[in-house]
């Protein structure tokens, strides 16, 4: 009797281990990429199974890019980070968890897709929002997340600053412009998705400063008849990068899978998934194919206008930086 | 033979062990975390502390939390008394079912309660739509916070008053009636005074729960600073910005204010108990 029970137990254990995946990866990502990674993870695990015969399970974590980076620094055991901006990954690299040359290990500055910042307004655009100037008008309510925690928030801020800098050609005027913009912000959520929820579900605000992919997603999810996308005259080219967390991948021995996972972004299938989810693909062929599904915006890069992320982060978003000075709340 | 305290204590075995366990457990679960809270706040200078707790946003968050919790607890006091009266004094089909329903806000996970309330009262919700037609916006406004706080406070008043009301002798009321008191007199002079200690306890519990409530409230609150942002949410936001000392400063203020209020309620209870006729 006992032997029978024992053999059943062993059989169950063996069966359950067969159900578990051969490899598990944890991917820490920024706020709006939930739907993107549902698609991507499914495609990757099928491709990986076909190629190596092993099954892989990918667990996801989403949140404001800055908060996610802090969590990894504080010790979260993560295999890959796919964050909103290079500075957040640099911050992790500074702690020794990722090699310093991480951005060169993958093509195109480790950013397989790009995006930009657009405006999402309510149907009919009742406030007549056409460009950045309309956001600083008194009485207009703007929704953007908190730069202390969110990557999108920082891209929004820099896009606004870049526009004002180009228009007024003066750092002081740019600072004044951005101050007035933030006076029109009633609430700062912790991440891009939080802001989308506030704007779309809670009905707060007249205009949402959003990732282009997030704006398209909002239209897809809630209906084109409820929201319109307005492209500003000038916006910033955002390059959300990816990296393998060396400290964890080496210890777990999952480096090969993690690298294959990130490289899959550069394959045809990966680029298609990006394009389908409204992230701008880098592959020229696929970019041409999907050219009409993206907003036509003039773009500047952070290197051109701000001298790179390290400089921008220190000057604007650090403790006591420009954002702290202009936003007292 | 004088039964001194020392003698009384020593006749029961196991005192040392019991005392030791009790103190250790209470320290670990309650005292040490609270002490940690205060210690973290001491990292700030007094000026910094004062600046944080008197900032417009903090004051508004505290005002919203405490005033709405107080109002919700008052509503629960009134409605809870009526509910408990109906459950105890009347026998009707479905009484047991309603009795069980009163426990639902206790048993429901707060996030579930929050989502349920916010979808009910949203613009297109079952209750939200007719209310919106009347021009009343509930979800994502302070009214929504008020509603959520009432929801979670119901069981406290009912369950605290129920045993007291059950124990209340109907004969006392009959005696009062036979002595010529009208119904109003009986309720105000005989029944309510006996219930007041339990009512105050229920009020204090409902208030304390409402002040600290996070999960049920944040879904239905607008979470707009200065307008519909509750203090626990502000604490979480400060934590997410990695301003730990700011967060603990606000928490300390909430703690001290809650202690004061509970203390006052406690005093009122003691006073009421000395005047209550039957207890």
### Query
Between segment A:123-140 and segment A:264-293, how many Å separate their Cα centres?
31
#### Entry: Where labels lie 7 Å past Cα in the beta-carbon direction, separation of residue A:226 and residue B:26 in nm
5.3
### Query
Taking each residue of A:62-71 in turn, how many C-beta atoms of other protein chains fall within 10 Å of its C-beta, and what is the average?
1
### Query
Between residue A:276 and residue A:50, what is the FRET efficiency for a Förster distance of 22 Å, r being their Cβ-Cβ separation, to the nearest 0.05?
0.60
### Summary
Shielding of B:223-233 by other chains, given as the mean Cβ count within 10 Å, works out to 2
### Task
Report, in deg cm²/dmol and to the nearest 500, the calculated mean residue ellipticity at 222 nm for chain A, where each DSSP H run with n ≥ 4 adds -39500 (n - 2.57) and the sum is divided by the residue count.
-13500 deg cm²/dmol
### Query
Within segment B:199-238, whose backbone N sits under 14 Å from a point 7 Å along Cα→Cβ of residue B:112?
B:216
### Highest-fluctuation residue, B:183, B:243, B:267 considered, GNM on chain B with Cα pairs under 10 Å
B:183
### Message
Between helix A:151-168 and chain A, what is the angle of the helix's C-alpha long axis to the longest principal axis, kept within 0 to 90° and rounded to the nearest 10?
### Response
30
### Task
Taking only Cα atoms and a 10 Å spring cutoff, compute GNM fluctuations for chain A and point out the largest among A:93, A:153, A:260.
A:260
### Task
Using only Cα atoms, tell me the angle between helix A:2-19 and the longest principal axis of chain A; keep it within 0 to 90° and round to the nearest 10.
40
### Query
Which FRET efficiency value, to the nearest 0.05, do you get for residue A:141 and residue A:7 by plugging their Cβ-Cβ distance into 1/(1 + (r/R0)^6) with R0 = 41 Å?
0.05
### Message
If each DSSP helix of 4+ residues adds -39,500 (n - 2.57) and the sum is divided by the residues in chain B, what number results at 222 nm, nearest 500 deg cm²/dmol?
### Response
-23500 deg cm²/dmol
### Task
Between A:33, A:116, A:52, find the one with the highest GNM mean-square fluctuation for chain A; connect C-alpha pairs within less than 10 Å.
A:52
### Message
What FRET efficiency comes out for residue B:123 versus residue B:192 if R0 is 35 angstrom and r is the Cβ-Cβ distance? Round to the nearest 0.05.
### Response
0.25
### Query
Taking the simple approach of a point 7 Å from Cα along Cα-to-Cβ for both residue A:22 and residue A:291, what is their distance in nm?
4.2
#### Entry: With Cα atoms, 0 to 90° folded angle of helix A:212-222 axis to chain A main axis
80
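Each reported figure results from applying straightforward, stated rules to the coordinates on display, with no laboratory input. As the structure is a prediction and not an experimental result, all values here were calculated from the model. Ideal geometry is used to build each Cβ from the backbone, glycine not excepted, and the neighbour counts take in all protein chains shown.
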